[in-house]
1. With the condition kept exactly as written, say whether any residue in segment 197-210 is away from ligand 1 (no atom under 12 Å from the Cβ), farther than 22 Å from Phe333 by Cα and without any contact (Cβ under 8 Å) to a residue 24 or more places away in the chain.
2. Restricting attention to segment 76-110, report how many residues are at pLDDT 95 or above and either in a strand (DSSP E or B) or over 19 Å from Leu20 (Cβ atoms) (or both).
3. Please work out which one of (1) farther than 21 Å from Ile142 by Cβ; (2) of a type in the set (Lys, Arg); (3) within 16 Å of ligand 2 (Cβ to nearest atom) is the condition Arg217 fails and give its number.
4. Quick one: Lys344 ticks every box in (1) charged (D, E, K, R); (2) surrounded by fewer than 20 Cβ atoms within 10 Å (Cβ to Cβ); (3) within 28 Å of Met229 (Cα to Cα) bar one, so which box is it?
5. Looking only at segment 339-350, count every residue that is polar (S, T, N, Q) and within 14 Å of ligand 2 (Cβ to nearest atom) and tell me the total.
6. Of all strands (runs of 3 or more DSSP E) completely enclosed by segment 289-374, which ones contain at least 3 residues that are within 15 Å of ligand 1 (Cβ to nearest atom), of a type in the set (Gly, Ala, Ser) and touching a strand residue (DSSP E or B) at 6+ places or on another chain (Cβ under 8 Å)?
7. Which of (1) within 24 Å of Ala220 (Cα to Cα); (2) surrounded by 18 or more Cβ atoms within 10 Å (Cβ to Cβ); (3) at pLDDT 95 or above is the odd one out, the single condition Lys306 does not satisfy?
8. For residues that are surrounded by 13 or more Cβ atoms within 10 Å (Cβ to Cβ), assigned to a helix (DSSP H, G or I) and either within 16 Å of ligand 1 (Cβ to nearest atom) or not hydrophobic (A, V, I, L, M, F, W, C) (or both), tally how many sit in segment 375-405.
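The values are calculated or read from the model by the stated rules, or taken from the named source; none is laboratory data. What you see is a predicted model; the values in this text were computed from it and never measured. Cβ coordinates were reconstructed from backbone atoms using ideal geometry, including for glycine residues, and neighbour counts include every protein chain displayed.
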Amino acid sequence: MNRSYSKDIQKAKVGSAVELAGWAAVIKVLGKIAFVKLRDREGEVQLVASNKKLINSLKDLTHESVIYAKGKVRQSKLKSGGNEVELQKFEVLSKADANLPIDMSGKIPTDLSKRLNWRVLDLRSSKKYAIFKLRSAMNYYIREYLQQNNFIEMQTPKIVGSGAEGGATLFSLDYYGKKAYLSQSQQLYKQMLLAAGLDKVYEIGPAFRAEKSHTMRHLAEFTQFDFEMAFLKDENNIMKIIEDMFVFVLKKLNAHNKYELETLGINLNVPKVPFPKVTYESALKLLAKEGIKIKKGDDIGTEDEKKLGDLIEKKYKTKAYFITKFPFGIKPFYIMKDGKTYSKAFDFEYNGEELASGGQREHNYEKLASQIKEKGLNVKDFEDYLNTFKFGTPAHGGFGLGIDRMVKNILNLDNIREAVLFPRDPERLSP
Ligand code: ATP
Ligand code: MG
């Protein structure tokens, strides 16, 4: 089969012969004429049958069956119709059960949970295809940027002996009779690789966290993009990379993915660099002016973070910004302190939501050991990691960015689950 995609039909010469394969999205058999809308990865196209034998063969066709069509390109009689295909040959390649478990016409809204139960059917739409094509493109552009800038892609273990991001969200498992965990982030390994002399590393891979709450932005399994570089001056070097890379990705999307963005009705504004930097303290002041009181040292909650996003957008006319100089008390043990109470940690925010956390790391062995203890953790659990700092580790920093959360916010999706093919949350382990 010399298969064309539905999109190609609009560019094809009128009168040319084409072959298509896809799913029967809409079927209308009207006596002397019949229409089938064929859906494939690249869109939809109308097939028209006007001879009796073909019309008859369409009578038993069920929605969502896989079909093969051969025909001639012609212009639709409808003004806005574009090109369609005059059917010459038609075959059912795989018949779908007539009782579809969810509405596929887009006319009746189905709740998310039911759609996710039938995710394979739910994904059969131009909008869903657009989300995952854009997600793939974003991953590609991130890699393109990093490779151009001489970063090395790594793959680190996902079965680990200790967590880096706090015990509360660790999934534990039995590892040949020993207790092991699913990795919460690549944090410890990427730092160790800088001690190994690799200088600039990154990974885009799975991370697991037993999040107890049900939110629109947390999953039990997500894709983390982790990045770390050595020989830096301070955390500002890292923020500069996030800015450049984020703008690079958005510009690439605008240049190469217009069709998918239009399918989702998205007009992507590329934020200006540098992104504003707001210290944690001044963020609290901004919120206090609006009557939102957060005690110094406490984290900024989801609702307040959204509000802060609105305030910053009003003030700086941008959705992208950093919150800097967080208190050490609400950041992980490996971050470098800045004075007694603050740290060289920042969050990258977009759309009023945290996309990434980063900062400069502590690379002094004694200080790091004492910070582990300060957080109430056991130094023994971090022995291999800690030992690397005894034998020469340059100043370094990096960030961890949630790919799913980035896709959600760039594409304006309501729920992180829409950005993931088969999401995992406290209620969901299948499909
Ligand atoms: P939050 O405060 O939003 O729970 P976090 O500060 O605990 O996130 P980090 O440890 O900073 O998360 O992880 C880095 C990034 O990974 C986050 O900024 C976010 O984009 C993403 N991330 C973290 N936890 C999850 C999760 N459970 N589901 C999806 N993405 C996550
Ligand atoms: Mg964070």
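1. Yes, the conditions are met somewhere in segment 197-210.
2. Adding up the residues that qualify gives 18.
3. (1)
4. Checking Lys344 against (1) charged (D, E, K, R); (2) surrounded by fewer than 20 Cβ atoms within 10 Å (Cβ to Cβ); (3) within 28 Å of Met229 (Cα to Cα), the one that fails is (2).
5. 1
6. Of the strands (runs of 3 or more DSSP E) lying wholly inside segment 289-374, those with at least 3 residues that are within 15 Å of ligand 1 (Cβ to nearest atom), of a type in the set (Gly, Ala, Ser) and touching a strand residue (DSSP E or B) at 6+ places or on another chain (Cβ under 8 Å) span 353-360.
7. For Lys306, the exception is condition (2).
8. Within segment 375-405, residues that are surrounded by 13 or more Cβ atoms within 10 Å (Cβ to Cβ), assigned to a helix (DSSP H, G or I) and either within 16 Å of ligand 1 (Cβ to nearest atom) or not hydrophobic (A, V, I, L, M, F, W, C) (or both) number 6.
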